[in-house]
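Report on the following structure.
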Amino acid sequence: MEKLNAFLSKHGMKVVIVLLLLSYMKSCSIDSEVTRIKKDFREQKEVIDALPTTTDVKIEGLKVEKRMIQATDRKMLDVQRQNAIEQEIAELQSK
């Protein structure tokens, strides 16, 4: 026990400084990990935000249907359906 007391009285401040430095280094590495995780989260959020929503898919489906109707040579019923499609697209885009 006396050896430990003698060692701490001689080198106690050095031991405390080393422990503080190690603690500081550990906290810096944790901060860098958090920063890296935040960066990864932002990148994934951008990818998710770029995906089409169900409204976008419905609008594109209606536009395709309208183009298909316009490509055929049928008359009255198709004109009514085209008008209905335009109304649905306008409703979806207003949301």
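The values are calculated or read from the model by the stated rules, or taken from the named source; none is laboratory data. Please read these numbers as outputs of a predicted model, since none were measured by experiment. With ideal geometry, Cβ positions are generated from the backbone for all residues, glycine too; neighbour counts draw on all protein chains shown.
Just the residues that are hydroxyl-bearing (Ser, Thr, Tyr) and over 30 Å from ASN83 (Cα atoms), please, taken from region 9-68.
SER9, SER23, TYR24, SER27, SER29, SER32, THR35
Every residue, every condition in (1) at pLDDT below 85; (2) β-branched (Val, Ile, Thr), yes or no:
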{"residue": "ASP56", "(1), (2)": "no, no"}
{"residue": "LYS75", "(1), (2)": "yes, no"}
{"residue": "VAL79", "(1), (2)": "yes, yes"}
{"residue": "ILE85", "(1), (2)": "no, yes"}
{"residue": "GLU88", "(1), (2)": "no, no"}
{"residue": "LEU92", "(1), (2)": "no, no"}
{"residue": "LYS95", "(1), (2)": "yes, no"}
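What are the residue pairs meeting all of these: first residue in region 61-78, first residue closer than 19 Å to ALA90 by Cα, second residue modelled with pLDDT under 80 and part of a helix (DSSP H, G or I), Cβ atoms under 7 Å, and 6 or more apart or on different chains?
Here the result reads ILE69/ASP78, each pair linking region 61-78 to a residue that is modelled with pLDDT under 80 and part of a helix (DSSP H, G or I).
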